[in-house]
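Encoded as structure tokens, the structure appears first; notes follow it.
The values are calculated or read from the model by the stated rules, or taken from the named source; none is laboratory data. Given the structure is predicted, the values throughout are model-derived calculations rather than measurements. Neighbour counts run over all protein chains shown; Cβ positions are idealised from the backbone, glycine included.
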Amino acid sequence: MADLETPRATADPFAPLQRDPSGAERIQRRSRTAWQDVRYRLTTNKLAMTGFWLLILLVLMAFFAPLVWPFDHYTNDLQLNNQPPDSTHWFGTDDLGRDLFARTWKGAQISLFVGVAAALIDLVIGIVYGGIMGYYGGKVDEVMNRFAEILYSIPYLLVVILLLVFMEPSLTTIIVAMSITGWINMAWIVRGQMMQLKNQEFALASKALGASSMRIIFRHLVPNAMGPILVTLTLSVPSAIFTEAFLSFLGLGVQSPVASWGTMINDGVQSMSIYPWRLFFPALFLSLTIFAFNVFGDGLRDAFDPKLKK
Amino acid sequence: MSEAFVEIQGLRKYFNVGKNRVLKAVNDISFTIAKGETLGLVGESGCGKSTAGRTITRLYEPTSGRVSLSGVDVTKLSKSQLKAYRRRMQMIFQDPYASLNPRMTILDIIGEALDIHGLAPSRAHRKRRVEELLELVGLNAEHASRYPHEFSGGQRQRIGITRALAVEPEFIVCDEPISALDVSIQAQIINLLIDLQKRMGFTYLFIAHDLSMVKYMSDRVAVMYLGKIVELARSEDLYDRPHHPYTKALLSAIPVPDPDLEERKERIVLSGDLPSPVNPPSGCPFRTRCPIATGRCAEEEPAFREVRPGQWASCHYA
């Protein structure tokens, strides 16, 4: 340390140094908060960081590729249908001669939007519902939990098909359909955390001070449950993307000419032995996105687990 | 003794554990504390002393009984009325590592007390008040911007005390405030509590399992066993002439700092474990481990009676 003076040689080499109380409270090393610890563990995890940068790349491409690419996702050119990948159409064209590179990135926009939107809706409903259920416990928990279990037990496809009776197949419908049951997992995670945390002394101390239940839940308990909540959030994004692809594949999702990875895979599958690139590119990027979210989520979970702290 | 400031009457707290099974954590306890007095509450782990403290401050809803603070029954108060009473009645917790929210700075932890009761008109005022309070308990004003994990156990306990002081209470329940601390730090915290009491006239309910610390701290001491108070007396009387066999056994376990004396000292060793409070013994709760128990103890529950002026015990043979 440069700012620590080296003791000067005195007549008696073993004379005690003067104690300086002014420096007693100085902290030499910057202390790290729990969040900084998490960030450190996350950034040193290579696989998680691969996932993270892959996601950044995918998001940037989804936003900027359609802006600079000379072709758009809906103009067809029947002269040039089913072209294999070449220097003009990097990913080839589909049966109507639409450029697949443009459609893939347009599809990425839709898929990422659906994934993030559905995950955020799950997050909000899950935290509020799970927070109340877990904090109050007893009869409140009993009733709210039974309701969630009943909802969870209804076959998912049935919910979607019933919903289509009232709503047109569209992006909104898909997000609503996913949110009807999607929040339950998040609510259960939050509920478990609340039950664990609510009897911690810091929550009791706040109660003893006269804090309202809402204040205790949202100021004290939820911030301390943020780790598991974030992990669940990152892992629910790929499942939402996958569900959207699956519903679009069944023809219940976004309608042509708007593309999503699901509808493109659906189109591509019908001619996969003759024009394999029509299936290959959307399937590749769908898999990459889901892979990236999963490894990032896993890394996040490891980063939040203090037992792994070295 | 002057008139009661805090009065506990027939307080019970039962927990439902499974079908038709009730855990009687606090089973009919009564005592009073005068203004400015310290009442020690001792007992082994699991005897219900912490539950008693939490029920008195209404962190747990009592099953039955009265807790009155200067004549007002706290157990009957509505939510909004209770909030005003929470200002008068505070709590210091056992584990300084669990009692501070790790995601909040010290400023926010202590400031929350001011926010809830609207005691700080502005942010600058709030910060100044928190710094004042920190200095009152022997910490530095600069500590306000730090997080709990940057402090030692003793410092954290001081922060816990500061939080309780922030609302200017009159009655403080100290729930084993020193049992999680190093011995060298325990004395500092005890002296801080005594010093604060002298300056501000606090009334304490001091819960602990360390008898020597309780003796030093308390004016009177209540001994709890299996959810009941078995003996209650002025501290000197209790330590000099214990009447209940359980108190005698507890006192005999205090080590004496003199090897010769320690060797000759007769230690009463209790056999067996604490019986389950779900299924307590019939008659006297202590009879299963009592060295002087007879047939009468199994049939008849001893009354809590005044065996000497100011000294109460519940034993047929006291």
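Results for (1) under 18 Å from A:Ser179 (Cβ atoms); (2) touching a strand residue (DSSP E or B) at 6+ places or on another chain (Cβ under 8 Å); (3) of a type in the set (Lys, Arg); (4) part of a helix (DSSP H, G or I), shown as yes or no for each residue.
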site: A:Ser236; (1), (2), (3), (4): yes, no, no, yes
site: A:Ala245; (1), (2), (3), (4): yes, no, no, yes
site: A:Ser256; (1), (2), (3), (4): no, no, no, no
site: A:Leu284; (1), (2), (3), (4): no, no, no, yes
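Being among the aromatic types (Phe, Trp, Tyr) and assigned to a strand (DSSP E or B) is the filter here; which residues of the stretch B:298-318 pass it?
Just the residues of the stretch B:298-318 that are among the aromatic types (Phe, Trp, Tyr), to begin with: B:304, B:312, B:317.
Answer for the stretch B:298-318, where residues must be among the aromatic types (Phe, Trp, Tyr) and assigned to a strand (DSSP E or B): just B:Trp312.
Output the residues belonging to the stretch B:235-252 that are part of a helix (DSSP H, G or I) and touching a residue at least 12 places away in the same chain (Cβ under 8 Å). Explain how you work it out, then say what you get.
Let us first name the residues in the stretch B:235-252 that are part of a helix (DSSP H, G or I), namely B:235-240, B:245-252.
B:Ser235, B:Asp237, B:Leu238, B:Tyr239, B:Pro245, B:Tyr246, B:Thr247, B:Lys248, B:Ala249, B:Leu250, B:Leu251, B:Ser252, listed by residue number.
Can you go through B:Ala84, B:Ala141 and tell me which one is farther than 17 Å from B:Gly160 by Cβ, without any contact (Cβ under 8 Å) to a residue 40 or more places away in the chain and more than 10 Å from chain A (Cβ to nearest Cβ)?
Values: B:Ala84 fails: more than 10 Å from chain A (Cβ to nearest Cβ).
Exactly one of B:Ala84, B:Ala141 is farther than 17 Å from B:Gly160 by Cβ, without any contact (Cβ under 8 Å) to a residue 40 or more places away in the chain and more than 10 Å from chain A (Cβ to nearest Cβ), namely B:Ala141.
Which one is farthest from the other protein chains (Cβ to nearest Cβ) among residues in the stretch B:59-74 that are over 11 Å from B:Leu11 (Cβ atoms) and assigned to a loop (DSSP other than H, G, I, E, B)?
B:Gly71
Picking from B:Gln94, B:Gln81, which residue would you name as being over 16 Å from B:Glu170 (Cβ atoms) and in a loop (DSSP other than H, G, I, E, B)?
On the way: B:Gln81 fails: in a loop (DSSP other than H, G, I, E, B).
Sole residue among the options that is over 16 Å from B:Glu170 (Cβ atoms) and in a loop (DSSP other than H, G, I, E, B): B:Gln94.
Write out, first by first residue and then by second, each pair whose Cβ atoms fall under 7 Å of each other, whose residues are 6+ apart or on separate chains, and whose first residue, in the stretch A:253-274, is of a type in the set (Asp, Glu) while the second is at pLDDT 80 or above.
Correct list of pairs: A:Asp267/A:Asp94; A:Asp267/A:Arg278.
In the set A:Asp86, A:Asp95, A:Asp141, which member is acidic (Asp, Glu) and either in contact with a helix residue (DSSP H, G or I) (Cβ under 6 Å, 6 or more places away or on another chain) or in a strand (DSSP E or B) (or both)? Lay out the reasoning, then the answer.
Details: A:Asp86 fails: either in contact with a helix residue (DSSP H, G or I) (Cβ under 6 Å, 6 or more places away or on another chain) or in a strand (DSSP E or B) (or both); A:Asp95 fails: either in contact with a helix residue (DSSP H, G or I) (Cβ under 6 Å, 6 or more places away or on another chain) or in a strand (DSSP E or B) (or both).
Checking each option against the conditions leaves just A:Asp141.
Being modelled with pLDDT under 85, assigned to a loop (DSSP other than H, G, I, E, B) and buried (at least 19 other Cβ atoms within 10 Å of the Cβ), is that true of even one residue in the stretch A:38-51?
no
Considering each of B:Gly53, B:Gly40 in turn, give the residue that is part of a helix (DSSP H, G or I), more than 9 Å from chain A (Cβ to nearest Cβ) and crowded, with 20+ Cβ neighbours inside 10 Å. Please lay out each step first, then the result.
Numbers: B:Gly40 fails: part of a helix (DSSP H, G or I).
On inspection, the qualifying residue turns out to be B:Gly53.
Just for the stretch A:1-37: of the residues that are in a helix (DSSP H, G or I) and surrounded by 10 or more Cβ atoms within 10 Å (Cβ to Cβ), which one is modelled with the lowest pLDDT?
Checked the stretch A:1-37; the qualifying residue modelled with the lowest pLDDT is A:Gly23.
From B:Glu176, B:Glu168, grab the single residue that is surrounded by fewer than 19 Cβ atoms within 10 Å (Cβ to Cβ), under 25 Å from A:Gly210 (Cβ atoms), in contact (Cβ under 8 Å) with a residue 24 or more places away in the chain and within 14 Å of another protein chain (Cβ to nearest Cβ). Break it down into steps so the answer makes sense when it comes.
On the way: B:Glu176 fails: surrounded by fewer than 19 Cβ atoms within 10 Å (Cβ to Cβ).
One residue alone meets the criteria, B:Glu168.
Is it true that some residue in the stretch A:229-236 is at pLDDT below 90, within 21 Å of the chain's Cα centre (by Cα) and within 14 Å of chain B (Cβ to nearest Cβ)?
yes
Answer yes if at least one residue in the stretch B:155-170 is at pLDDT below 90 and small (Gly, Ala, Ser), and no otherwise.
Step one: filter the stretch B:155-170 for residues at pLDDT below 90, giving none.
Within the stretch B:155-170 (the criterion being at pLDDT below 90 and small (Gly, Ala, Ser)), the answer is no, since none of the residues qualifies.
Does at least one position in the stretch B:147-157 carry a residue that is surrounded by fewer than 16 Cβ atoms within 10 Å (Cβ to Cβ), among the hydroxyl-bearing types (Ser, Thr, Tyr) and within 14 Å of chain A (Cβ to nearest Cβ)?
yes
Quick check on my filter: what residues within the stretch A:68-100 are among the hydrophobic types (A, V, I, L, M, F, W, C), within 16 Å of A:Pro257 (Cβ to Cβ) and over 31 Å from the mean Cα position of the chain (by Cα)?
A:Leu78, A:Leu96
Hey, can you tell me all the residues within the stretch A:200-228 that are part of a helix (DSSP H, G or I) and within 7 Å of chain B (Cβ to nearest Cβ)?
Applying the first criterion (part of a helix (DSSP H, G or I)) to the stretch A:200-228 yields A:201-208, A:213-224, A:226-228.
Selection gives A:Glu201, A:Phe202, A:Leu204, A:Ala205, A:Ser206, A:Lys207, A:Ala208, A:His220, A:Pro223, A:Asn224.
What about B:Glu299, is it farther than 25 Å from B:Lys13 by Cβ and either in contact with a Ser or Thr (Cβ under 6 Å, 6 or more places away or on another chain) or modelled with pLDDT under 85 (or both)? Even if it seems obvious, please write down each step before you answer.
Values: farther than 25 Å from B:Lys13 by Cβ: yes; either in contact with a Ser or Thr (Cβ under 6 Å, 6 or more places away or on another chain) or modelled with pLDDT under 85 (or both): no.
When the stated conditions are applied, B:Glu299 does not pass them.
Looking at B:Val72 and the list (1) of a type in the set (A, V, I, L, M, F, W, C); (2) in contact (Cβ under 8 Å) with a residue 12 or more places away in the chain; (3) buried (at least 16 other Cβ atoms within 10 Å of the Cβ), which single condition is not satisfied?
(3)
Which of (1) surrounded by 18 or more Cβ atoms within 10 Å (Cβ to Cβ); (2) basic (Lys, Arg); (3) away from chain B (no Cβ under 14 Å) is the odd one out, the single condition A:Arg146 does not satisfy?
Condition not satisfied by A:Arg146: (1).
Any residue at all in the stretch A:221-228 that's farther than 30 Å from B:Ala164 by Cβ and in contact with a Gly (Cβ under 9 Å, 6 or more places away or on another chain)? Talk me through it step by step, then tell me what you get.
Just the residues of the stretch A:221-228 that are farther than 30 Å from B:Ala164 by Cβ, to begin with: A:228.
Narrowing further to those that are in contact with a Gly (Cβ under 9 Å, 6 or more places away or on another chain): A:228.
Checked the stretch A:221-228: at least one residue is farther than 30 Å from B:Ala164 by Cβ and in contact with a Gly (Cβ under 9 Å, 6 or more places away or on another chain).
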